[in-house]
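Working notes, beginning with the structure itself.
The values are calculated or read from the model by the stated rules, or taken from the named source; none is laboratory data. Just so it is clear, the model here is predicted, and its values are computed rather than measured. Virtual Cβ from ideal backbone geometry, glycine too; neighbours counted across all protein chains shown.
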Amino acid sequence: MSLLAPTPPPYDALEWQTKPLAERARMVCQAWAIQGYGTPLGAFALYAFKVVFYIGAWIWFCRTTPGLGSVRHFTEWCLSPVAFQKAILWSMLFEGLGLGCGSGPLTGRYFPPVGGFLYFLRPGTTKLPLFRGVPVFGGRTRTLLDVALYLAWIIVMFLTLRSQTIEREPLIAIVSLVLILGVTDRTLFLAMRGEHYWTTCVVFLFAGNWIAGAKAVQLALWFFAGFSKLNHHFPAVVCVMTSNSPFTRFAFIRKLMYRAYPDDLRPSTLAVWLAHAGTAFELGVPIVMLLTPLGHAPLLGIILMLMLHTYITSNVPMGVPIEWNFMVVYGGFALFWANPGVSLMDLGSLPLALFLIVMLLAIPLLGNLFPERLSFLLSMRYYAGNWAYGVWLFKRDAHKKLAKMTMSAPWVEDQLAMFYDKKTAVGLFGKVMAFRMMHLHGRGLMELIPKAVERFEDYDYMEGEVVAGLVLGWNFGEGHLHREELLQSVQSQCGFEEGEVRCVFVESQPLFQKTLSWRIFDAKAGQLAQGKLDIDKLRERQPWQAA
């Protein structure tokens with residue numbers, strides 16, 4: 001088998017495409033349980049190469065600082081403060097260029113494999129301003145000024161990374177530019193992982209001892225990643241990841257994740273316990289780090305951290321936040337192992353402490369209580385399975401009207417046509433439907449899609465994430481980027497007729513509640529319906545079962 005050939009589904013993909021919704025959902029979900037996405041082996045090699053490039057470029061940037069950058073003496077300098085600062089800045093640049101999360105075939109990007117800078121440097125591309133309609137920055141499309149600001153950020157980042165030390169003046173410029181860019185297009189602030197990298201840059205700028213502040217950021221990342229999994233969503237995530245992992249390719253292992261394959265694809269007892277263990281690890285790492293006596297190396301915390309992130313990375317999860325996981329592991333060593341004597345109390349700045357309380361405590365808590373108001377990234381609800389999402393249904397050939405927009409890439413099937421025949425392309429990309437329906441929140445689609453369209457067979461199913469990737473230049477599980485505001489922007493540029501585009505928007509489950517809010521929109525007619533899904537009822541359904 002060619003390294004570029006995906007695993008074919010156990011059915012004729014073109015025939016599958018003509019079947020009713022329930023039958024199509026059952027077939028594709030049963031295929032995912034055993035095959036996952038069917039990703040070609042060559043795609044995993046691409047991601048491995050990207051990690052090598054990510055680490056190699058960081059080493060190259062470190063070489064401009066005296067005493068850093070020598071591969072031969074790597075262990076002597078790799079955990080130094082300046083090396084960590086450059087790792088944070090390079091990670092922000094890497095993500096802001098579109099090279100990290102949301103790139104490559106595991107996010108529906110085939111050619112080109114990235115959006116990012118290829119999109120953000122083009123006037124006329126679509127954006128989501130923080131304050132729509134305000135002068136200068138509030139337009140729907142990118143202006144020359146927007147492009148100039150993004151280019152200025154790239155230049156300042158590169159020059160700072162190539163400098164001998166990290167000085168105050170360029171940090172002020174970086175922190176300010178990221179804020180301004182986030183106002184012009186909130187997509188950019190999320191793409192640059194503002195909740196992590198930008199917040200840490202603010203710590204570099206204002207802390208008396210920035211290592212204390214950087215520790216606080218990292219502890220919050222771990223804690224709220226675990227906190228957000230205190231619900232019934234994560235066991236389904238374990239199932240979906242295991243079925244897709246390149247290291248669990250044996251059918252018998254994958255079947256263990258389900259109650260009774262192929263007829264009952266709800267999480268098995270084993271999957272539930274694995275989910276509980278993962279949650280305990282993510283909550284346990286920051287707790288152990290905090291409880292380790294000051295001045296003592298947190299050996300147990302480091303071991304737990306390595307076990308946690310090795311498991312996540314080895315699964316190569318959809319969205320592929322691989323480099324981010326490497327950065328978090330590196331941060332565990334550079335901040336906690338190399339500086340065990342630094343306490344959070346050493347921050348040395350009351351205003352910065354208040355800022356961190358807002359960014360690392362208040363916003364994540366609000367994001368869990370009121371998820372419709374905040375990004376899951378700002379809420380630090382990483383890979384919990386409890387995400388807002390959207391499904392866009394295009395009537396046959398209606399998607400061709402998207403050509404009126406300046407997009408980051410062609411329609412996905414047109415991208416795949418560069419590599420595969422139609423049957424292979426449909427079989428591969430059709431698995432995206434299974435990815436959504438296999439999650440707990442996706443089981444409501446069998447109830448919602450018939451409310452949105454009369455005949456599902458007349459429509460093409462498209463994940464909102466993939467639409468965002470095409471239309472906004474970036475996507476990484478952020479359902480708020482492809483809801484009503486983006487639909488209105490797309491409609492203003494494309495002019496769809498009523499019934500040509502229908503969207504199902506489902507919100508995350510709020511903390512202490514047992515429902516998911518949903519809305520159905522038509523691109524031209526506006527909102528058609530809304531309601532709530534009961535979590536307990538979803539838990540009892542198969543992915544292909546209606547209410």
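With the condition being in contact with a Gly (Cβ under 9 Å, 6 or more places away or on another chain), I'd like the helices (runs of 4 or more DSSP H) fully within region 390-464 carrying at least 3 qualifying residues.
Filter on region 390-464 gives 422-429, 431-438.
May I ask you to list the residues in region 454-493 that are closer than 19 Å to Leu528 by Cα and aromatic (Phe, Trp, Tyr)?
Scanning region 454-493 gives Phe456, Tyr459, Tyr461.
Tell me which residues, restricted to region 496-530, are closer than 13 Å to Leu445 by Cα and of a type outside the set (Lys, Arg).
Cys503, Val504, Phe505, Val506, Glu507, Leu516, Ser517, Trp518, Ile520
Let me spell it out: the conditions are (1) under 26 Å from Glu485 (Cβ atoms); (2) hydroxyl-bearing (Ser, Thr, Tyr); (3) in contact with a helix residue (DSSP H, G or I) (Cβ under 8 Å, 6 or more places away or on another chain), and Thr143 meets all of them except one. Which number is the exception?
(3)
I need every pair where a residue in region 102-116 that is farther than 18 Å from Gly479 by Cβ has its Cβ under 7 Å from the Cβ of a residue that is among the hydroxyl-bearing types (Ser, Thr, Tyr) and not in a loop (DSSP other than H, G, I, E, B), sequence separation at least 6 or different chains.
Close Cβ pairs (under 7 Å, with a partner that is among the hydroxyl-bearing types (Ser, Thr, Tyr) and not in a loop (DSSP other than H, G, I, E, B)) amount to Gly104/Tyr47.
Can you name the condition, by its number, that Pro364 falls short on among (1) within 23 Å of Trp32 (Cα to Cα); (2) within 19 Å of the chain's Cα centre (by Cα)?
(1)
For Leu177, are the conditions met, namely being of a type in the set (A, V, I, L, M), touching a residue at least 12 places away in the same chain (Cβ under 8 Å) and buried (at least 16 other Cβ atoms within 10 Å of the Cβ)?
Yes: the conditions hold for Leu177.
For region 342-386, name all the residues that are among the aromatic types (Phe, Trp, Tyr), modelled with pLDDT of 95 or more and in a loop (DSSP other than H, G, I, E, B).
Result: Phe370, Phe376.
Going by the structure shown, is Ser103 among the polar types (S, T, N, Q) and either closer than 23 Å to Gly332 by Cα or surrounded by fewer than 17 Cβ atoms within 10 Å (Cβ to Cβ) (or both)?
When the stated conditions are applied, Ser103 does not pass them.
A quick yes/no check of all residues on (1) crowded, with 24+ Cβ neighbours inside 10 Å; (2) over 23 Å from Gly100 (Cβ atoms):
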residue: Trp392; (1), (2): yes, yes
residue: Arg396; (1), (2): no, yes
residue: His399; (1), (2): no, yes
residue: Thr424; (1), (2): no, yes
residue: Arg443; (1), (2): yes, yes
residue: Asp458; (1), (2): no, yes
residue: Val466; (1), (2): no, no
residue: Leu470; (1), (2): yes, no
residue: Trp474; (1), (2): yes, no
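Can you go through Gly499, Gly495, Gly473, Gly477 and tell me which one is out of contact with any helix residue (DSSP H, G or I) (no Cβ under 8 Å at 6 or more places or on another chain) and either among the hydrophobic types (A, V, I, L, M, F, W, C) or on the phi > 0 side of the Ramachandran plot (or both)?
Details: Gly495 fails: out of contact with any helix residue (DSSP H, G or I) (no Cβ under 8 Å at 6 or more places or on another chain); Gly473 fails: out of contact with any helix residue (DSSP H, G or I) (no Cβ under 8 Å at 6 or more places or on another chain); Gly477 fails: out of contact with any helix residue (DSSP H, G or I) (no Cβ under 8 Å at 6 or more places or on another chain).
Selected residue: Gly499, the only one of Gly499, Gly495, Gly473, Gly477 that is out of contact with any helix residue (DSSP H, G or I) (no Cβ under 8 Å at 6 or more places or on another chain) and either among the hydrophobic types (A, V, I, L, M, F, W, C) or on the phi > 0 side of the Ramachandran plot (or both).
Quick check: is even one residue across region 518-537 in a strand (DSSP E or B), crowded, with 24+ Cβ neighbours inside 10 Å and at pLDDT 95 or above?
Yes, region 518-537 has at least one match.
Output yes when any residue across region 58-70 is among the small types (Gly, Ala, Ser) and either within 27 Å of the chain's Cα centre (by Cα) or buried (at least 21 other Cβ atoms within 10 Å of the Cβ) (or both), and no when none is.
Step one: list which residues in region 58-70 are among the small types (Gly, Ala, Ser), which gives 67, 69-70.
Next cut, either within 27 Å of the chain's Cα centre (by Cα) or buried (at least 21 other Cβ atoms within 10 Å of the Cβ) (or both) only: none.
No; the residues of region 58-70 include none that is among the small types (Gly, Ala, Ser) and either within 27 Å of the chain's Cα centre (by Cα) or buried (at least 21 other Cβ atoms within 10 Å of the Cβ) (or both).
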